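Asks: Sharing a structure with you now.
Read-outs throughout are calculated quantities, based only on the coordinates presented, and are distinct from any laboratory measurement. This one's a predicted model, so the numbers in the text were calculated from it and none came from an experiment. Every residue, glycine as well, gets a Cβ built from its backbone with ideal geometry; the counts of neighbours run over all protein chains shown.
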Amino acid sequence: MKADGSPHPGISMHHLPVGAGVAGFIFVAGTVLVFLLGIPSLRWFLAGSIAVGLAVAVALYLIHKYLPSHPLRDEILPPMKQ
C-alpha cells in the first residue's frame with residue numbers, strides 16, 4: 001500500500017533490464033515456466049506451436065535441399081547461404 005492508501009501498481013515487465021546471453025535465456029525460460037505452471041492449458045498450445053514450428057522448419061529445409069533451382073521456389077523463398 002502507498003502512503004495515500006492506494007494499492008501499489010506492482011512490477012511492470014518493461015522496467016526489468018534483461019540483455020542477451022545466458023541471463024536473457026534464464027529470464028525467458030523462467031517466465032515461460034511460470035506461465036506454463038500458472039495456466040495449464042498453455043502446455044497444449046506450446047506443444048502444438050513447437051510441432052508446427054518443427055514441421056515448417058523441416059519443410060523449408062527439404063525444399064531448399066531437393067528443389068535447388070525450381071522457379072516457384074525462387075519466387076517464394078530467398079536463396080539459402082552455404
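Asks: Would you order Leu54, Leu36 from fewest to most other beta-carbon atoms within 10 Å of each residue's own beta-carbon?
Replies: The order, fewest Cβ neighbours first, is Leu54, Leu36.
Asks: Using Cβ contacts closer than 10 Å as the measure, can you line up Val28, Val22 from fewest to most?
Replies: Val22, Val28
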